[in-house]
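Report on the following structure.
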Amino acid sequence: MADRRVGVLWSSAAFAVRLAWRADRRALVHVVLVQVLLAGAMAGGLVVVQTVFGSVLAHGPAAAGRSPVVVPAVVVLLVAGAAAGALRLSGAARMAVLTVKVDRLVAGMVLQAAAAAELPRFEEPDFHDGLQRAVFASRRQPAMAVVLLVTAFQAALTVLAVGGAFVLMAWWLLPLVLLGAVPGIRAAGKERDAHHDLHHGLSEGRRLREYLEQLLTGRQEAKEIRALDLGAVLTGRWQDQYAREVRDTEALLKAHARRRMAAQATGGALTCLAVGALWWAAARHLLPLSVAGTAVAGVWLLSVRLNAFAGMLTGIGENLLRLTDLWSFTAAGPVAPAAATAPVRQQLPSPRNELGPLRAERLSFTYPGADSPAVREVSLAVEPGQVVALVGVNGSGKTTLAHLLAGLYPPDSGRLLHDGTPITDLRAHRARTAVVFQDFTRYKFPALDNVGFGRPHGTADPLRVLDAARRAGALDFLQRLPAGLDTPLGKEFTGGADLSGGQWQRLALARAFYRDAPLVILDEPTAALDAHAEDQLFTSLRGLFAGRTVVLISHRLRSVRHADRIYVLRAGRVVEEGSHKALLRADAHYASLFRTQASAYHDTNTP
Ligand SMILES: Nc1ncnc2c1ncn2[C@@H]1O[C@H](COP(=O)(O)OP(=O)(O)OP(=O)(O)O)[C@@H](O)[C@H]1O
């Protein structure tokens, strides 16, 4: 376990270096060079100090000025000190720039990976835990891992430099001083692992807390939370969740503070032992006084650095392990994730006659984590230009089937065929499909974007946007907006406006018209429309989507009666299919549903 962790740490360290390299290779080289030069200067400084010491002791303090080495050595030390100061400043400045660039790179990688993830992954709690941890890692200054690595590098160079100087003076000092750092390093390793385990254990709870924060601060949710007076209850849950996180963190920190203190005491005792040994050796003339004095300075320098390094180790380890979360989520490691997330830039096909027959053969699908399939062995066929309807009671599997037909989920078994050829590239299939979802998204961007997102890989064409809006019945209210198509559709933004539920739905329809795809899937596209608008849409559906294949889901059976073929679903299976008239004649499930609705409307004109 510990070995695996160490292996992971090394891979993460390599990942951190590659991130820094990708973010700004010149800055990275600059920072590393500065550290090497500073370490060299430190080693040189120790040797010069020892020479000065030796000379002063040889000539006596009063005659030190006449020594041939003292004055040049002091000048060298002063110049080197000034140069080191300048170097340190320039290194810090480049490091700051590098930090910002690494942070941006990492945040972008997480967003790209999230945007590229296929829909079924969003059904998995593990995916959300991974995403939460990756976002957490990207917000906690991932560049800190790079900063800390540079610090570690600096400490390693110091060890090398001072160690090299020790070899010239008293080699046995090096293992003694290094030994002094061991307890601190071990304690830091334990703390790092415990932090990481805690962080993983808290993932789901943190997601819950973030969800509560979103509920308590969202504009959309504000009205219902006030109407139900839910504020205090939700805030209470948030407090409880946060208290749990704080309690666990506090327990861990207390345990490790004790461990750290013990480690520091042991390390301090070993350093004292090293200094005592020097004293003893100098007193017995086993070591020249100049060497012993310089070695004390070296021991002090080295133990301060090593102690600081051990103190940072927890941070370094935590940061590196956080990078592992990031790495495993982006699954791209050091490789540019751009390729994985590159949009399907292929042109959307022109709708007319571009879609051959679409056939589903015994499609089955079970949601991840669900006990039973939402769609079971469904077969259907849609000819080009046809309107096909899916009907059934709540939970019968209509939306899931529509998602399978749209290529949003791969079926667990069965096949989807286009023009007789099995569809294997779901992204390409999605490119020829327009879907209006039951719970479509209300983008808080200008209306131009809300419609233009139908074809996102290009600049939205205002004339075509207006045409799509006209066909969706959205033109009037869009033109009345304060800044027309450029009005942000969110009151949170300056000059923003909001729309009614029905107006938003028309905008979602306009987006589908603008997409101009040969396969159109409409899942309850009129749920928010008034009865008149709904009737108008269904009556003109064929004309509006002329030349396109339409799959329509609606609970209002009056609206689907003109469909070429109606599939009736029950518990994920197709239990009936046929035209409206044929299904009424069959006098089974569909006829019963239809009669129930018709009697509610007292519509005596219904066939
Ligand atoms: N994301 C999901 N994860 C697990 N089960 C799901 C998920 N979405 C839907 N289901 C389940 O799959 C079944 C079919 O749901 P689906 O949304 O396809 O039905 P529907 O016919 O469209 O319902 P409605 O008419 O209410 O929109 C239901 O039992 C539902 O509980």
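The values are calculated or read from the model by the stated rules, or taken from the named source; none is laboratory data. Computed from a predicted model, the values in this text were never measured in an experiment. Note that we place each Cβ from the backbone using ideal geometry, even for glycine, and neighbour counts take in every protein chain shown.
Does Asp439 satisfy the condition of being within 13 Å of the ligand (Cβ to nearest atom) and among the charged types (D, E, K, R)? Working first, answer last.
Values: within 13 Å of the ligand (Cβ to nearest atom): yes; among the charged types (D, E, K, R): yes.
Against the criterion (within 13 Å of the ligand (Cβ to nearest atom) and among the charged types (D, E, K, R)), Asp439 qualifies.
Contact list please: Cβ distance under 7 Å, first residue in region 388-407 and within 18 Å of Leu358 (Cβ to Cβ), second residue assigned to a helix (DSSP H, G or I) and within 9 Å of the ligand (Cβ to nearest atom), pairs at least six apart or on different chains.
Note: pairs meeting the criteria are Leu390/Lys398; Leu390/Leu401; Leu390/Ala402.
Take Gly385 and tell me if it is touching a Leu at 6+ places or on another chain (Cβ under 9 Å), of a type outside the set (A, V, I, L, M) and part of a strand (DSSP E or B).
Details: touching a Leu at 6+ places or on another chain (Cβ under 9 Å): yes; of a type outside the set (A, V, I, L, M): yes; part of a strand (DSSP E or B): no.
Here the answer is no, as Gly385 does not meet what is asked.
Pairs only if they're at least six apart or on different chains, beta carbon under 7 angstrom, first in region 435-447 and within 18 Å of Gly407 (Cα to Cα), second charged (D, E, K, R) and part of a loop (DSSP other than H, G, I, E, B); list them, first residue then second.
Matching pairs, first to second residue: Gln438/Glu524.
Condition test on Leu408, is it within 18 Å of Arg362 (Cα to Cα), more than 16 Å from the ligand (Cβ to nearest atom) and out of contact with any Lys or Arg (no Cβ under 6 Å at 6 or more places or on another chain)? Don't jump to the end; show me each part of the working.
Values: within 18 Å of Arg362 (Cα to Cα): yes; more than 16 Å from the ligand (Cβ to nearest atom): no; out of contact with any Lys or Arg (no Cβ under 6 Å at 6 or more places or on another chain): yes.
No.
Residues are listed down the side, and each one gets a yes or a no for (1) at pLDDT below 85; (2) within 16 Å of Thr158 (Cβ to Cβ):
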residue	(1), (2)
Leu37	no, yes
Thr51	yes, no
Gly54	yes, no
His59	yes, no
Ala62	yes, no
Leu89	no, no
Gly108	no, no
Ala113	no, no
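Only helices (runs of 4 or more DSSP H) wholly contained in region 500-592 count here; list those with 2 or more residues that are within 38 Å of the chain's Cα centre (by Cα). Even if it seems obvious, please write down each step before you answer.
Details: elements: 501-515, 531-539, 541-544, 557-560, 580-586.
Counting at least 2 such residues, we get 501-515.
Is there a residue being more than 28 Å from Leu408 (Cα to Cα), more than 32 Å from the chain's Cα centre (by Cα), free of Cβ contacts under 8 Å to residues at least 60 places away in the same chain and not in a loop (DSSP other than H, G, I, E, B) anywhere in region 488-497?
Checked region 488-497: no residue is more than 28 Å from Leu408 (Cα to Cα), more than 32 Å from the chain's Cα centre (by Cα), free of Cβ contacts under 8 Å to residues at least 60 places away in the same chain and not in a loop (DSSP other than H, G, I, E, B).
May I ask you to say which residue of Leu252, Leu287 is modelled with pLDDT under 80 and either out of contact with any Asp or Glu (no Cβ under 7 Å at 6 or more places or on another chain) or of a type in the set (Ser, Thr, Tyr) (or both)?
Details: Leu252 fails: modelled with pLDDT under 80.
Step by step, each of Leu252, Leu287 is checked, and only Leu287 is modelled with pLDDT under 80 and either out of contact with any Asp or Glu (no Cβ under 7 Å at 6 or more places or on another chain) or of a type in the set (Ser, Thr, Tyr) (or both).
Which condition number does Arg565 fail, the rest of (1) in contact with a Ser or Thr (Cβ under 7 Å, 6 or more places away or on another chain); (2) exposed (fewer than 14 other Cβ atoms within 10 Å of the Cβ); (3) among the basic types (Lys, Arg) being met?
Of (1) in contact with a Ser or Thr (Cβ under 7 Å, 6 or more places away or on another chain); (2) exposed (fewer than 14 other Cβ atoms within 10 Å of the Cβ); (3) among the basic types (Lys, Arg), only one is false for Arg565: (2).
Just the residues that are part of a helix (DSSP H, G or I) and over 17 Å from Ala58 (Cα atoms), please, taken from region 284-304. Lay out the reasoning, then the answer.
Looking only at region 284-304, we keep the residues that are part of a helix (DSSP H, G or I), and these are 289-304.
Ala295, Val296, Ala297, Gly298, Val299, Trp300, Leu301, Leu302, Ser303, Val304 - these are the residues of region 284-304 that are part of a helix (DSSP H, G or I) and over 17 Å from Ala58 (Cα atoms).
Which residue out of Arg22, Arg18, Arg26 is of a type in the set (Lys, Arg), at pLDDT 75 or above and crowded, with 16+ Cβ neighbours inside 10 Å? Lay out the reasoning, then the answer.
Working: Arg18 fails: crowded, with 16+ Cβ neighbours inside 10 Å; Arg26 fails: crowded, with 16+ Cβ neighbours inside 10 Å.
It is Arg22.
Out of the residues in region 411-432 that are free of Cβ contacts under 8 Å to residues at least 24 places away in the same chain and of a type outside the set (A, V, I, L, M, F, W, C), which is nearest to the ligand (Cβ to nearest atom)?
His429
Looking at Leu478, Leu485, which one is touching a residue at least 24 places away in the same chain (Cβ under 8 Å) and either within 28 Å of the chain's Cα centre (by Cα) or surrounded by 21 or more Cβ atoms within 10 Å (Cβ to Cβ) (or both)? Outline the logic, then answer.
Working: Leu485 fails: either within 28 Å of the chain's Cα centre (by Cα) or surrounded by 21 or more Cβ atoms within 10 Å (Cβ to Cβ) (or both).
Only one candidate passes the filter, namely Leu478.
Report yes if some residue within region 150-168 is in contact with a helix residue (DSSP H, G or I) (Cβ under 8 Å, 6 or more places away or on another chain) and either not assigned by TED's automatic domain parsing to the domain that holds Gly40 or not in a helix (DSSP H, G or I) (or both); otherwise report no.
The initial filter retains those residues of region 150-168 that are in contact with a helix residue (DSSP H, G or I) (Cβ under 8 Å, 6 or more places away or on another chain), namely 150-155, 157-168.
Filter once more, keeping what is either not assigned by TED's automatic domain parsing to the domain that holds Gly40 or not in a helix (DSSP H, G or I) (or both): none.
No: zero hits.
Go through Ala156, Ala227, Ala137 for me and flag whichever is of a type in the set (A, V, I, L, M, F, W, C), over 30 Å from Gly293 (Cβ atoms) and surrounded by fewer than 16 Cβ atoms within 10 Å (Cβ to Cβ).
Details: Ala156 fails: over 30 Å from Gly293 (Cβ atoms); Ala137 fails: surrounded by fewer than 16 Cβ atoms within 10 Å (Cβ to Cβ).
After applying the criteria, what remains is Ala227.
Which residues, taken from region 195-229, are within 21 Å of the chain's Cα centre (by Cα), assigned to a helix (DSSP H, G or I) and among the aliphatic types (A, V, I, L, M)?
Passing the criteria: Leu198, Leu208, Leu212, Leu215.
Take Arg259 and decide whether it is over 32 Å from the mean Cα position of the chain (by Cα), of a type outside the set (A, V, I, L, M, F, W, C), within 30 Å of Val146 (Cβ to Cβ) and outside the structural domain of Gly180 (by TED's automatic domain parsing). Write out each step before concluding.
Values: over 32 Å from the mean Cα position of the chain (by Cα): yes; of a type outside the set (A, V, I, L, M, F, W, C): yes; within 30 Å of Val146 (Cβ to Cβ): yes; outside the structural domain of Gly180 (by TED's automatic domain parsing): yes.
Against the criterion (over 32 Å from the mean Cα position of the chain (by Cα), of a type outside the set (A, V, I, L, M, F, W, C), within 30 Å of Val146 (Cβ to Cβ) and outside the structural domain of Gly180 (by TED's automatic domain parsing)), Arg259 qualifies.
Can you tell me how many residues within region 388-440 are part of a loop (DSSP other than H, G, I, E, B) and under 28 Å from Ala527 (Cα atoms)?
So the first thing to find is which residues in region 388-440 are part of a loop (DSSP other than H, G, I, E, B), and the list is 393-397, 406-412, 419-420, 423-425, 432, 437-440.
Now drop any that are not under 28 Å from Ala527 (Cα atoms), which leaves 393-397, 406-411, 432, 437-440.
Qualifying residue count for the region: 16.
Quick one: count up the residues across region 357-399 that are within 13 Å of the ligand (Cβ to nearest atom), within 18 Å of Val435 (Cα to Cα) and buried (at least 22 other Cβ atoms within 10 Å of the Cβ).
Let us first name the residues in region 357-399 that are within 13 Å of the ligand (Cβ to nearest atom), namely 363-376, 378, 389-399.
From what is left, the residues that are within 18 Å of Val435 (Cα to Cα) are 389-391, 397-399.
Now restrict to residues that are buried (at least 22 other Cβ atoms within 10 Å of the Cβ): 389-391, 397-398.
Final tally of qualifying residues: 5.
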